[in-house]
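Below: one structure, written as C-alpha cells.
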Amino acid sequence: MQLTFIQVLELLGTFAFAISGATAAINKSYDVIGLLTLAFVTAIGGGTIRDLLIGATPVAWMTDELSNSAIIIAAVIAALFFSYVKRLHHWLTIFDAIGLALFTVTGINKGIAAGLPMPICVALGTITGTFGGLLRDVISGEQPILFTREIYAAASIAGGTLYVAGAYYHADPGLIQSIAVTVIVTIRLVSLRYNWQLPRLRA
Amino acid sequence: MQLTFIQVLELLGTFAFAISGATAAINKSYDVIGLLTLAFVTAIGGGTIRDLLIGATPVAWMTDELSNSAIIIAAVIAALFFSYVKRLHHWLTIFDAIGLALFTVTGINKGIAAGLPMPICVALGTITGTFGGLLRDVISGEQPILFTREIYAAASIAGGTLYVAGAYYHADPGLIQSIAVTVIVTIRLVSLRYNWQLPRLRA
Amino acid sequence: MQLTFIQVLELLGTFAFAISGATAAINKSYDVIGLLTLAFVTAIGGGTIRDLLIGATPVAWMTDELSNSAIIIAAVIAALFFSYVKRLHHWLTIFDAIGLALFTVTGINKGIAAGLPMPICVALGTITGTFGGLLRDVISGEQPILFTREIYAAASIAGGTLYVAGAYYHADPGLIQSIAVTVIVTIRLVSLRYNWQLPRLRA
C-alpha cells in the first residue's frame, strides 16, 4: 500500500482530531468507552453529518480502515502517554489545522459532486471540518469551543469560499485546492499565533 | 418571483425560528459562527431530522434558497438590532406559532407521502415543528424548553392529529390543513395568553 | 398475532429502555412531552443512529407498531406508578441487559447484511445497544453514564466480537447468537452484582 502525500496529511489531521476527542475524555475522567467514542466522534463526526445530510450512506468512515486505525492509535497513545502528548501540543495544533483544511476541501468536493448550490458546498465543507468538535463538546457537556474561541470555522469558510469561487470559474482543481488549504492553514495558525478572535456578541 | 400567501407565512415562521436561535447565541455571548449555527439549527433542525428519518436526502433546506436567506437575514438583524428585536417579542411569538403550525403540516404531508402509519405522521409533524428548538437548547447547554414550559409540542400534536384524522376520512386537504393550522396557532397563542402549562411530572 | 420468544424478549428490552428514559424525564420534572420524547429516544435512539449510518430509511421504529406501543405503555406506567416501578428495579435491570444483548445482535445482523467490515459490525451492534441511553443523557443535560459507570458497552463489545467471529467462521447463526446474548447478559449482570467498573482515565 502506497499512501499519497495528501493521504498522509489527512491521516495526520484525523489523528489530531482524535487526540482532541481523547483529551476531552481524559479531562472528564471517562473510561475507555468514553475515550473511544469521543475520539471517533471528534474525528469522523463532521464527515458523518455531511454524509447524512446529502444521503451518502453507508457513511464514509465505515469503510475507511486507515482513518479508523489512526483514530484508535490516537486514543491509545493519548490514554497511555497523556503528559507526553500534551507536550506535543504545538505539532497537534498544526496537524489539526491541516485536518480542518483538508476536511473542508473534501466536504466541498462532495457537495459539488451532489450538485448542490455553491454556498451550501461551503457550508458542507465547514460542517465536515468543524462539527466533529462541536459534537465532542455537546456530548461531554461543555460549551462549544466552536462558538466562542479563536478563528476556526471562519478560516474554513474563508478558504472554502475561495475554493468554490475558483471551481465556479473552472480554475484548475489541484491549484485552487492547494490555495484553499494553504489559506485555511495560514489563517488558522496566524490567528492562533497572534491570538485573534472573532468578536463576541453582546445582548 | 411570485410568492404564495403560504410561502410568505412559512418565511415568517422560519424567520421567527431563526431569531430564536440567534437570540440564544446572543444570550450566550457566542461569536458570529455560533449565531449562524444556532439560527440555522433552530430554523431547519426539525425538518432536517424528519428528512433524515424518512431518507429524503439531500435534506430540504439545502436547496431552499428563500428559507436560507430568511435565516441569514434574521441572524444579522438579531445581532445588529437586538434591543429592537426584543421589543418585537409579541410579533415574533405570533410568527413562531405560525411556523410551528405550518412546519407541522409540512412534516405530516411528507410522512403521508412516504406511506407511513398515521401516528408516525403526526410525530413527524411535531418533530418538524419542535426539534429545531430542542437542538438549539441541547447544543447551547440549556435544559430543553420543549420539555418544561408552555403548550408547544402539545398544540402541534393536537392540530396534527386533527389533520391526519381528516386525511384518513378523505376530507378536502386544503380545508383540513387550514383547520389544523388554525387550531395549532390558536392553542399556542391562547395558552400563552392565559399562561397554561402542561403539568410537570413528579418523582 | 403470535409472538416468538425472541420478540417477547425484545419487547421486554424495549420496555426497560423506555422506562429508563421515562425515569430520566420524571427525575428532571419534565412534562409529558419530555416523558414521551425521552422514552422514545432511549428505546429507539440507538437503532435510529444505526439505520441512519447505513442508510436504512425510513428508520426501523417508524413501522414497528409493537415496539412503539411498548414504549408508550412504559412511559405511562412510569409516570403513573413511579414509586412502584422503582421497586421493580431488579427486574428492569435484567430486561435492560436482555435489551442490550438483543439490540447488539440486531445491529450486527444489519451491518453484516450491509456488507460492512467485521469491526464496524461490532460497532453498529454496540451503537444499537447503547447510544439511545447516550442520547437520553445528552438531551437531558447529564454526563453520559455510558462513559463513566459500569460494564455496559464493554459487555456489548465482548458478546458482539464473539458473534462476529463466529459468523466469520460460518458457525450456526442461531447458536452463536444465543452464545453472544448469553455472554452479554451474563457479563452485564455479573458485573453489576460484583460492582465491576472499567477503570477511569486520569490526566
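Since every read-out is calculated from the coordinates, none of them should be taken as a lab result. All values reported here derive from a predicted model rather than from experimental measurement. Cβ: placed from backbone, ideal geometry, glycine included. Neighbour counts: every protein chain shown.
For segment B:70-132, what Kirkwood radius comes out of the mean inverse Cα-Cα distance, in Å? One over the average 1/r among Cα pairs gives 13.1 Å for segment B:70-132. Rounded to the nearest 10 degrees, what's the angle between the helix B:32-54 long axis and the longest principal axis of chain B, both from Cα atoms, 0 to 90? The angle comes out at about 10 degrees.
Each helix, a run of at least 4 DSSP H residues, gives -39500 (n - 2.57); summed and divided by the residues of the protein assembly as shown, these come to -25500 deg cm²/dmol at 222 nm. Seen against the Cα atoms of chain B and their longest principal axis, helix B:153-168 is set at about 30 degrees. Judged by the ratio a/c of the largest to the smallest principal axis of the C-alpha gyration tensor, segment C:154-202 counts as oblate, that ratio being 1.5 or greater while a/b is no larger than b/c. Backbone geometry of segment C:136-141 corresponds, through the Karplus equation with coefficients 6.51, -1.76 and 1.60 at θ = phi - 60°, to 3J(HN,Hα) couplings of 3, 5, 5, 5, 8, x Hz, x marking Gly and Pro. With its label point put 7 Å out from Cα toward Cβ, B:GLY141 sits 1.1, 1.2 nm from the same residue's point in the other copies, in order from shortest.
Between copies, the label points of A:THR93, set 7 Å from Cα on the Cα→Cβ line, lie 4.8, 4.8 nm apart, reported in increasing order to one decimal in nanometres. For the peptide B:73-81, the mean number of other protein chain Cβ atoms found within 10 angstrom of a residue's Cβ is 0.
What ranking, highest mean first, results for peptides B:15-28, A:73-86 when packing means the other Cβ atoms within 10 Å averaged over each residue?
Values: B:15-28: 25.2, A:73-86: 16.4.
Taking the mean over residues of other Cβ atoms within 10 Å, the ranking is B:15-28, A:73-86.
Is the shape of segment C:1-75 rounded, prolate or oblate, going by the alpha carbon gyration tensor and its root eigenvalues a ≥ b ≥ c, with a/c under 1.5 for rounded and a/b larger than b/c for prolate? In terms of gyration-tensor shape, oblate. For A:LEU80, the distances from its label point to the matching points in the remaining copies are 5.6, 5.6 nm, ordered from shortest, with each point set 7 Å beyond Cα toward Cβ. Taking a quarter of the surface of the Cα convex hull of chain C gives a mean projected area of 12.4 nm². Solvent-free Debye calculation, one equal scatterer per alpha-carbon of the protein assembly as shown: log10 I(q)/I(0) at 0.09, 0.10 Å⁻¹ equals -0.72, -0.90. With contacts taken as Cα pairs under 8 Å and at least 6 residues apart, segment A:1-158 reaches a relative contact order of 29 percent. Between segment B:168-203 and segment B:1-80, the C-alpha centres lie 23 angstrom from each other. Distant-in-sequence amide contacts of C:LEU201, defined by a placed amide H-H separation under 5 Å and a gap of 5 or more residues or a different chain, comprise A:TYR30, A:ASP31.
Across segment A:111-203, the convex hull enclosing all Cα atoms gives 121 Å³ per residue.
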